[in-house]
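Presented below is the structure to which this report refers.
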C-alpha cells in the first residue's frame, strides 16, 4: 500500500480501530504524511498486534 492509499483509507480505519482498541487516543491515531510506519508502530505498541495484521485490517476497509 502506498502513502496515498494509506491516507485515503485512514479516516475510516481510525474509527474502526478506536472501536476495537478503546485504549487508543486521538493523539495515538494522528496521521502525519510520510509517517505511516511510525503510526503503525505506535498502534502496535499499544495493542500488541503485528504491523502486518494492522495493515491487513486497514486494507480490508
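Some points to look at:
- With respect to the conditions (1) free of Cβ contacts under 8 Å to residues at least 12 places away in the same chain; (2) in contact with a helix residue (DSSP H, G or I) (Cβ under 7 Å, 6 or more places away or on another chain), residue 2 lacks only one, and its number is (2).
- Filtered by the rule that a residue be surrounded by fewer than 16 Cβ atoms within 10 Å (Cβ to Cβ) and either in contact (Cβ under 8 Å) with a residue 60 or more places away in the chain or more than 12 Å from residue 54 (Cα to Cα) (or both), segment 10-29 gives 11, 12, 15, 18, 19, 22, 23, 25, 26, 27.
- Qualifying residue in segment 4-25 (condition: part of a loop (DSSP other than H, G, I, E, B), at pLDDT below 85 and more than 11 Å from the chain's Cα centre (by Cα)): no
- First in segment 30-41 and under 16 Å from residue 9 (Cβ atoms), second anywhere and part of a loop (DSSP other than H, G, I, E, B) and modelled with pLDDT under 85, Cβ under 7 Å, 6 or more apart: 39/31
- Beta carbons closer than 6 Å, at least 6 apart along the sequence or on distinct chains, pair a first residue in segment 50-61 that is in contact (Cβ under 8 Å) with a residue 40 or more places away in the chain with a second that is part of a helix (DSSP H, G or I) for 58/9; 58/13; 61/9; 61/12; 61/13.
- Evaluation of residue 49 against (1) in a loop (DSSP other than H, G, I, E, B); (2) exposed (fewer than 14 other Cβ atoms within 10 Å of the Cβ) (one fails), failing number: (2)
- Which listed residue is on the phi < 0 side of the Ramachandran plot and either in contact with a strand residue (DSSP E or B) (Cβ under 8 Å, 6 or more places away or on another chain) or modelled with pLDDT of 85 or more (or both), from 53, 35: 53
- Top-ranked residue in segment 31-46 [being part of a loop (DSSP other than H, G, I, E, B) and in contact with a helix residue (DSSP H, G or I) (Cβ under 8 Å, 6 or more places away or on another chain); ranked as surrounded by the most Cβ atoms within 10 Å (Cβ to Cβ)]: 31
The values are calculated or read from the model by the stated rules, or taken from the named source; none is laboratory data. Since we're looking at a predicted model, the values are computed, not measured. Ideal geometry is used to build each Cβ from the backbone, glycine not excepted, and the neighbour counts take in all protein chains shown.
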